[in-house]
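The values are calculated or read from the model by the stated rules, or taken from the named source; none is laboratory data. This one's a predicted model, so the numbers in the text were calculated from it and none came from an experiment. Please note: Cβ atoms are built from the backbone with ideal geometry, for glycine as well, and neighbour counts cover all protein chains shown. Remember, those area values only see protein heavy atoms, side chains included, never the ligands or the DNA or RNA. Shrake-Rupley method; radii C 1.70, N 1.55, O 1.52, S 1.80 Å.
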Amino acid sequence: MTVLYLDHVWRVYPSGAVPVIALADVTLAVRPGEFVAIMGPSGSGKSTLLQLMGLLDRPSRGRVLLYDQDLSALSEAARARLRLEQIGFIFQRFHLLHDLTAIENVALPMEALGVPTASRYARAAALLASVGLADRLGFIPAQLSGGQRQRVAIARALANEPWLLLADEPTGALHSEDKAQILALFRRVHAQGRTILVVTHDPEVAAVASRRLEIRDGRLREVA
Ligand code: ADP
Ligand code: MG
């Protein structure tokens, strides 16, 4: 069983006179409970790769499988549902809704799944407490530090208890102290048995992973 399987995946952006080959023949199997770090410089295809894994985009060629299910045949509605139920996505710049409080941001994905108000706020509060933000429930993002915003984003990604967590340069905008806190959080989530895949250019992030790969010009390879 694989959590994620990329089968000879290509992603070509047709924009401009010359198409951009963002991913070239990427094959990757991610097994349950792995903590995978994919390292690569800016422009190497990291975000493109993560968007395909997170069902936010479709490959130009090849297949993406989630829990052995081929996603290419699914409708957008079915993909959105899978994304909501199965995947926690942590965006590089947090992507929190700026006019919602921390607890409202974390409760939002549960609302989309029809969780009753009282339960989703109770769970959001518990999640925020678990990332050290019990005293910041009613703060909007502008009232939080970068590290705190990222912890809200992680709590939100965990809201629907996904077994797969995808993170796009999760420490890219953080100072070292905040970074250490985020990495400790990832380790804890991994210890719960969840599968984590992080793309990063930061060796410190890659160091906490159990498996490392490198991407260069859209080509992926395993690192010893
Ligand atoms: P990374 O996240 O590693 O910085 P990206 O996946 O964002 O890399 O980009 C990979 C390549 O694809 C880059 O050359 C980038 O310019 C190009 N690219 C990304 N998104 C688009 C797009 N929507 N249209 C055209 N080219 C794109
Ligand atoms: Mg990127």
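Tabulated data for the structure shown
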| quantity | calculated |
| --- | --- |
| Gyration tensor verdict on segment 39-127 (Cα atoms; rounded if a/c is under 1.5, prolate if a/b is larger than b/c, oblate otherwise) | oblate |
| Solvent-accessible area of Phe91 with every protein chain in place, 1.4 Å probe, in Å² to the nearest 10 | 60 |
| Estimated distance in nm for a label pair at Ala142 and Ser176, the labels positioned 7 Å out from Cα along Cα-to-Cβ | 3.2 |
| Gyration tensor verdict on segment 1-73 (Cα atoms; rounded if a/c is under 1.5, prolate if a/b is larger than b/c, oblate otherwise) | oblate |
| Size of segment 157-218 as Cα extents on the principal axes (Å, biggest first) | 33, 29, 18 |
| Protection-proxy order for peptides 161-173, 112-124, 139-151, each taking the mean of Cβ atoms within 10 Å per residue, highest first | 161-173, 139-151, 112-124 |
| GNM flexibility winner over the chain from Val106, Val189, Val18 (Cα, springs under 10 Å) | Val18 |
| Relative contact order computed over the chain (Cα-Cα under 8 Å; 6+ residues apart), in percent | 31 |
| Net charge contributed by nearby residues that have their C-beta within less than 14 Å of Thr200 (K/R +1, D/E -1) | -1 |
| Net charge of neighbours whose Cβ lies under 15 Å from the Cβ of Met39, counting Lys and Arg as +1 and Asp and Glu as -1 | -1 |
| Nonlocal amide H pairs with Ile90, under 5 Å, H built at 1.01 Å | Leu166, Ala167, Asp168 |
| Shape call, the chain: gyration tensor on alpha carbons, a/c limit 1.5 | prolate |
| Segment 8-163, accessible area per residue, ligands and nucleic acids excluded (1.4 Å, Å²) | 46 |
| Surface share of carbon and sulfur [accessible, 1.4 angstrom probe, percent] for segment 101-224 | 52 |
